[in-house]
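Each remark here refers to the structure printed beneath this line.
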Amino acid sequence: MQAIKRGILHVIDRESGRLVCSDELLDFKEYAVKQYIDAALDQIDKTELKKAEGVQNLELSGLVELYKGEGLINMSHEMAQWVFEGLAISEDAPSGDVLVFEFEDDKEVQKIGFIKFNYKPNFSHAFVTEDNKMKANIVINKTNYPSKSKVIEEMLLINLKTLELEIVEKQYKFEGEKRLFLSEHLLQLDTELTPTNEIKLIKNIVKNISTKYNEELYVSMSRTQQALFMSIEEDGEINSERISDYVFKDNESAKNEFHEYLDASKFKGELISKNVEKYENKLSKQKFKLMNGIELNIPGVIFENSEMVEFINNPDGTINILIKNLDHIESKF
């Protein structure tokens, strides 16, 4: 079970250009605090974490040494200042509170890190007294936290032993250019692709190669989705060999190009250790939107069963979709 041992909260107020640092630790026994932090921990399990090596970053190494020498509170002040200064020149980064903490993952690995709770402005009421009369006004509260169910937007975890990093991040504008705040702007490190990023990369590569070889895109994309589903379900990873064989079949030139593109990228196809079911559910059904407005949702297990579904290319370039051998039809109204 993952657990935050101790933590301290600091305020980054970008509107006033101020960093306000706490000198005391949060009381995790307080009900509201515990409830919100427990919800944040639950979200970590649902969040895709990018990985990177932090040994080359002197700021990061210095923070770890400061933590080991002077403890969490002093280190947290430096970490909050580091984040605050990194955000200073952004044109659109939001204000928020930074929770700096000691963390132990489910394998009992000791880490330190921070979560930035970006403010979500919301409307509320406020009472004022005018001429001895009470009046209720609608006001905007600019310092609301995200809801407990909201996925964490920005987080950094640092393995105290190896300096391996786990990152969740957002893009902000710096000097007119959109950049990932943590990995690109603050840390200036390369990160590994998340499974979602690897899936997007594969889709784009297949699309480019299919266009080059005049393949029907709906066929290539459907085969890619099915290959990804089978790879994750059966191998627990994104297996590039299985995908190229399934999508391009006997086209060796297309296969070679596919692997050349992947080799030139940061693709690794490592084991998917968490949220496997999420990817399976997302990839298990083939969805098609036809030119006449009809939408089809076909389970992957029957997509290539010609006894149940058949795509027929007509001489005039149109396509017929034949759905066969139905025992009954049920309305989902």
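The values are calculated or read from the model by the stated rules, or taken from the named source; none is laboratory data. Owing to the predicted nature of the structure, the values given are computational and were not obtained by experimental measurement. Here Cβ is always computed from backbone atoms with ideal geometry, including for glycine, and neighbour counts include all displayed protein chains. Surface accessibility is based on the protein's heavy atoms, side chains included, excluding ligands, DNA and RNA. Shrake-Rupley method; radii C 1.70, N 1.55, O 1.52, S 1.80 Å.
Just to verify a result, which residue in the range 278-322, among those that are of a type in the set (Gly, Ala, Ser) and open to solvent by less than 40 Å² (accessible area, probe 1.4 Å), is farthest from GLY236 (Cα to Cα)? Walk me through how you get there before you give the answer.
Start the filter on the range 278-322 by keeping residues that are of a type in the set (Gly, Ala, Ser), which leaves 284, 293, 300, 306, 317.
Narrowing the set further to residues that are open to solvent by less than 40 Å² (accessible area, probe 1.4 Å) leaves 284, 300.
Values: SER284: 14, GLY300: 17 Å.
Per the criteria, the residue is GLY300.
Looking across the range 201-250 at every residue that is more than 25 Å from ILE319 (Cβ to Cβ) and touching a Leu at 6+ places or on another chain (Cβ under 6 Å), the one that is most open to solvent (accessible area, probe 1.4 Å) is identified as GLU237.
State which residue is nearest to ILE158 (Cα to Cα) when the search covers only the range 24-36 and only residues that are in contact (Cβ under 8 Å) with a residue 60 or more places away in the chain and surrounded by 12 or more Cβ atoms within 10 Å (Cβ to Cβ). Even if it seems obvious, please write down each step before you answer.
From the range 24-36, those in contact (Cβ under 8 Å) with a residue 60 or more places away in the chain are 26, 35-36; that's our starting set.
Checking the rest, the ones that are also surrounded by 12 or more Cβ atoms within 10 Å (Cβ to Cβ) come to 26, 36.
Working: LEU26: 20, TYR36: 22 Å.
Residue satisfying both the conditions and the ranking: LEU26.
Out of everything in the range 189-200 that is among the charged types (D, E, K, R) and assigned to a helix (DSSP H, G or I), what residue ends up being most open to solvent (accessible area, probe 1.4 Å)?
To start, the set of residues in the range 189-200 that are among the charged types (D, E, K, R) comprises 190, 192, 198, 200.
Next, only the ones that are assigned to a helix (DSSP H, G or I) stay: 198, 200.
On the way: GLU198: 11, LYS200: 116 Å².
Filtering first and then ranking leaves LYS200.
If I filter the range 76-131 down to residues being under 27 Å from ASP45 (Cα atoms) and of a type in the set (Asp, Glu), which single residue comes out as surrounded by the fewest Cβ atoms within 10 Å (Cβ to Cβ)? Per the stated criteria, the residue is GLU108. Within the range 167-186, the residues that satisfy the criterion of being in a strand (DSSP E or B) and touching a Lys or Arg at 6+ places or on another chain (Cβ under 6 Å) are ILE167, GLN171. Residue selection: TYR172 fails the criterion of being closer than 30 Å to SER253 by Cβ and either open to solvent by 50 Å² or more (accessible area, probe 1.4 Å) or not β-branched (Val, Ile, Thr) (or both). Among the strands (runs of 3 or more DSSP E) confined to the range 216-333, the ones with at least 3 residues that are more than 28 Å from the chain's Cα centre (by Cα) are located at 309-313, 319-323.
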